Amino acid sequence: MVPWKPERNRIRNGMRVPTPAPFVRRVQPYRCVSSLDRIDPHASPEPMKLDWNESTIPPSPLVLERITAFLNNTHHLNWYPDQRARELTQKLEEYTGVDASKLLVTAGSDAALDLLCQTYIGPNDEVVVPSPTYTHFLVYAGARGAHILQVYGRDPFELDVDAIMQSLSARTKMVYLVSPSNPTGLVYPPALIARIARAAPQAVVVVDEAYFEFAESSAIQLVETYPNIVITRTFSKSFGIAGLRIGYLVAPEGIIEDLRRLYNPKSVNVLGQIAATAALEDLEYLYSYVNSVNEAKEHMGTWLSERGFLVRVTAANFIMMKVPNPGAFIALCEEEGVYIRDRSMQPQLDQYVRMNVGTMKQTHELCERLERAIQRLPRLA
Ligand SMILES: *Cc1c(COP(=O)(O)O)cnc(C)c1O
């Protein structure tokens, strides 16, 4: 138990100032290091933004067409969005094969994770988080005063089933799994997720499938059987509308009812709803992008291995690669207009950088730029 402490006066410039709520005071802000601050989108050659796992191409032309048509009706922006996101939910029923009663559309999947934490976690509830993981979740759980148990396996790139199973107890209130995981690419097979759900029936087992479209695995079927499994997904990665903030969750009806207590139906913006609906009407576009990325991933794996790097090709849309001096390598890449993400500060990921992968066409251009960066890299250790 964290003892309750009375608030100490906070003084700034000699004046008493407000203090955040007790649990918020302990939260480490999510370190939002984005290359956007340094990128000039009009630069030539075109910058390659590969640090946040976003899609590397614009969304389907149908998305732009629908948004444009919508904006041409001048009244549309002064009304609130459809609070039940009916059209989008209907399309999601077709896409997921799940009934609307088990679907909830959110403002990005981040909002789904936040809502789950707000609804189910109270002070000192234990939350099991196999790690390394998507660290933004830790902010949402931390803000509720959760006791977060980060579980590290023997090797970050291999499932350590025993470590996870041993961390579960009657105190576990939530388990957060990312599958395929960011940044390790680990995939949790549905059978393992079911086993976790049975071992901790009092816990909500959250499966973050942000990269579902790139993988061949999903736990979505389990929602029909297990009352405590929730899947979160997003339109930010494979559908190319990260800027419009649309995600959704799939959960048993009981959980959806609980979540609706705090859910803000106005929070899912109108342009995002239109865009996501249109994106689901052009699945050919999605599949062609996903296939190209998956092919390019393999190509990158081979290409970098041939140049002496240890590469982890993941089931998501990114690769992890080990470089002796990540800082120097990242700087050299930026000189070539290639922006990648340093993950070397995370436990177990010493020397690793993460790079998302685009289409085959983009990848040929990327390799030319990387070749120049690599040639200027001080000799590999
Ligand atoms: C990118 C990412 C998210 C955030 O998705 P949004 O829908 O844009 O909020 C959530 N989870 C994981 C694992 C991610 O990598």
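The values are calculated or read from the model by the stated rules, or taken from the named source; none is laboratory data. Predicted model only: the values in this text are computed from it and were never measured. So basically every Cβ, Gly included, is an ideal-geometry build from the backbone, and we count neighbours across all protein chains shown. All accessible areas refer to the heavy atoms of the entire protein, side chains included, with ligands and DNA or RNA removed. Shrake-Rupley method; radii C 1.70, N 1.55, O 1.52, S 1.80 Å.
State yes or no: is Thr106 surrounded by fewer than 17 Cβ atoms within 10 Å (Cβ to Cβ), within 11 Å of the ligand (Cβ to nearest atom) and either touching a residue at least 60 places away in the same chain (Cβ under 8 Å) or over 23 Å from Thr314 (Cα atoms) (or both)? Before you say what the answer is, go through the steps one by one.
Values: surrounded by fewer than 17 Cβ atoms within 10 Å (Cβ to Cβ): no; within 11 Å of the ligand (Cβ to nearest atom): yes; either touching a residue at least 60 places away in the same chain (Cβ under 8 Å) or over 23 Å from Thr314 (Cα atoms) (or both): yes.
Spelling it out, it is not the case that Thr106 is surrounded by fewer than 17 Cβ atoms within 10 Å (Cβ to Cβ), within 11 Å of the ligand (Cβ to nearest atom) and either touching a residue at least 60 places away in the same chain (Cβ under 8 Å) or over 23 Å from Thr314 (Cα atoms) (or both).
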Return the only residue of Asp51, Asp114 being of a type in the set (Asp, Glu) and open to solvent by 30 Å² or more (accessible area, probe 1.4 Å).
Asp114
Take region 125-140 and flag every residue that is out of contact with any Asp or Glu (no Cβ under 7 Å at 6 or more places or on another chain) and farther than 14 Å from Ala203 by Cα.
Pro130, Ser131, Pro132, Thr133, Thr135, Phe137, Leu138, Val139
Taking region 215-234 and the residues there that are under 23 Å from Leu280 (Cα atoms) and open to solvent by less than 10 Å² (accessible area, probe 1.4 Å), the one that is farthest from the ligand (Cβ to nearest atom) would be Val223
Just checking, how many residues over region 240-257 are within 16 Å of the ligand (Cβ to nearest atom) and open to solvent by 10 Å² or more (accessible area, probe 1.4 Å)?
5
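Anything in region 90-101 that is touching a residue at least 60 places away in the same chain (Cβ under 8 Å) and more than 21 Å from the chain's Cα centre (by Cα)? List them, or say none.
Within region 90-101, the subset touching a residue at least 60 places away in the same chain (Cβ under 8 Å) is 91-92, 94-98, 101.
Across region 90-101, the qualifying residues are Lys91, Glu94, Gly97, Val98, Ser101.
Kindly evaluate Asp160 against the criterion of being away from the ligand (no atom under 16 Å from the Cβ), surrounded by 15 or more Cβ atoms within 10 Å (Cβ to Cβ) and acidic (Asp, Glu). Let's see the steps before the verdict.
Details: away from the ligand (no atom under 16 Å from the Cβ): yes; surrounded by 15 or more Cβ atoms within 10 Å (Cβ to Cβ): yes; acidic (Asp, Glu): yes.
Yes: the conditions hold for Asp160.
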Looking only at region 306-363, count how many residues are open to solvent by 30 Å² or more (accessible area, probe 1.4 Å) and at positive phi.
3
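Return yes or no: is Thr56 among the β-branched types (Val, Ile, Thr), open to solvent by less than 70 Å² (accessible area, probe 1.4 Å) and closer than 18 Å to Arg260 by Cα?
Numbers: among the β-branched types (Val, Ile, Thr): yes; open to solvent by less than 70 Å² (accessible area, probe 1.4 Å): yes; closer than 18 Å to Arg260 by Cα: no.
It is false that Thr56 is among the β-branched types (Val, Ile, Thr), open to solvent by less than 70 Å² (accessible area, probe 1.4 Å) and closer than 18 Å to Arg260 by Cα.
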Kindly indicate which of Ile340, Ile274, Ile330 is within 27 Å of Ser238 (Cα to Cα) and touching a Phe, Trp or Tyr at 6+ places or on another chain (Cβ under 6 Å).
Ile274
Residue count, region 71-103, condition closer than 14 Å to Gln273 by Cβ and open to solvent by 30 Å² or more (accessible area, probe 1.4 Å), comes to 12
